[in-house]
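Structure first, then comments.
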Number of protein chains: 2
Amino acid sequence: MSQKFDLEEKLRFYVITDRRMSNEVKSVRLAIGGGATAIQLRIKDASTREMVNVGTEIRKITRDFNVLFIVDDRVDVALAVEADGVHVGQDDMPLKMVKRIAPNLIVGVSASSLREAIEAEKGDADYIGAGAIFPTATKSDAKILGLVGLKTIISTVKIPVIAIGGLNHQNVVKVLKSGVDGIAAVSAIVGASDIRESASRMRTLIDNYFRKTR
Amino acid sequence: MSQKFDLEEKLRFYVITDRRMSNEVKSVRLAIGGGATAIQLRIKDASTREMVNVGTEIRKITRDFNVLFIVDDRVDVALAVEADGVHVGQDDMPLKMVKRIAPNLIVGVSASSLREAIEAEKGDADYIGAGAIFPTATKSDAKILGLVGLKTIISTVKIPVIAIGGLNHQNVVKVLKSGVDGIAAVSAIVGASDIRESASRMRTLIDNYFRKTR
């Protein structure tokens, strides 16, 4: 990683797309309009051609607004659209392989346990997506890490940790109090009827928290 | 491309996996045992982790037997498992992007028309997969190029052309007479009850044709 920006700061408000809820490009525009600091493009069940087309659009928008752009799972798509990074889960490409084929990408790794988080840090991950914090309909099979598990990870690893899974406006302050570097949301943002407004309210909650405490 | 081997020769008998018919690793072992000169790993609907696991196994086998190893669609998987190349269709990553992110991979491109074949050659593709020659159940939505269309492509482009789509033991000699550099098969090989025997019979037909004519 040789980025000019402060990764920790860019990870504060991380919005993930979900085409079951809203068109990717549209939701990215609105989420950024509302204050998202990072975007993760998560597309399943689309052709690679469609992924790179959507990714190219999102790269333009995120570049214009100086927002971090991460692609879920697909290292090839991340490289092709010149995203800042890729995010891999335990069913995706092993971290070691990602680092070998894409040494210049930021790499985030999902961890649902302390063991996975430690392993990711050892493997030179740039940040950890820890969760699920709460049960979530977006990934109904997600293992629940909980707030206690989250705190254990934060106090153990040195790389930035963002919290994911079931986060919304009601519980975000409780999650921020764990000491997390950022929060990730899917349905609370891209599933909202007014995505920009929902993102804006979330951003305010996050900013207010960091202003008071850090 | 800076391969030590003769690509044209390696493309003569190109077998593509299909998990709906047979487990990939098993069918690759048997197809190579029967004489396949190239293997394409085509997996859809699997996690990236599974793809790289299967691909790593196939890389070992193809390396041991000096068989060309191409991955369908997924440039990241091809890079991660150190395949020789990647094959992209018109719904996959555009050739230009593939060349940029993976300059050392052999890149094959599917063409179902002369226009697509010419464009692939201009874009510096290493070979063309021309088809579908005949209707095929493996890809029921494939456009039919036919033998006449195949001959037009062969007489127009200079890079190697392999024929794909509906090829089997009955029609392969007719296809070889078009002047094609190699033939690709899915169901005729990996859908056979005895994959090794089916591959061996196909290889004999191909070898006999080339011995007589070229």
Provide a single number: the residues in the range A:176-214 that are open to solvent by less than 20 Å² (accessible area, probe 1.4 Å) and either touching a residue at least 40 places away in the same chain (Cβ under 8 Å) or farther than 18 Å from A:L11 by Cα (or both). 14
Confirm whether B:D141 is over 14 Å from the mean Cα position of the chain (by Cα), on the phi > 0 side of the Ramachandran plot and acidic (D, E). no
Considering only the range A:69-139, give the helices (runs of 4 or more DSSP H) lying wholly within it that have at least 1 residues that are open to solvent by 30 Å² or more (accessible area, probe 1.4 Å), at the interface with another protein chain (Cβ under 9 Å from one of its Cβ atoms) and basic (K, R). A:95-101
Answer with yes or no whether B:E57 is open to solvent by 10 Å² or more (accessible area, probe 1.4 Å), farther than 25 Å from B:G165 by Cβ, facing chain A (nearest Cβ under 10 Å) and acidic (D, E). no
Subset of the range B:144-175 that is touching a residue at least 12 places away in the same chain (Cβ under 8 Å), over 15 Å from the mean Cα position of the chain (by Cα) and in a loop (DSSP other than H, G, I, E, B) - its residue that is surrounded by the most Cβ atoms within 10 Å (Cβ to Cβ): B:L145
Please specify each residue of the range B:23-54 satisfying the condition of being open to solvent by less than 10 Å² (accessible area, probe 1.4 Å) and more than 18 Å from B:R201 (Cα to Cα). B:E24, B:Q40, B:L41, B:T48, B:V52
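The values are calculated or read from the model by the stated rules, or taken from the named source; none is laboratory data. What you are looking at is a predicted structure, and each value in this text was computed from that prediction instead of being measured. No Cβ is skipped: glycine too gets one built from the backbone with ideal geometry, and neighbour counts run over all protein chains shown. In case anyone asks, the SASA skips ligands and DNA or RNA and just uses the protein heavy atoms, side chains included. Shrake-Rupley method; radii C 1.70, N 1.55, O 1.52, S 1.80 Å.
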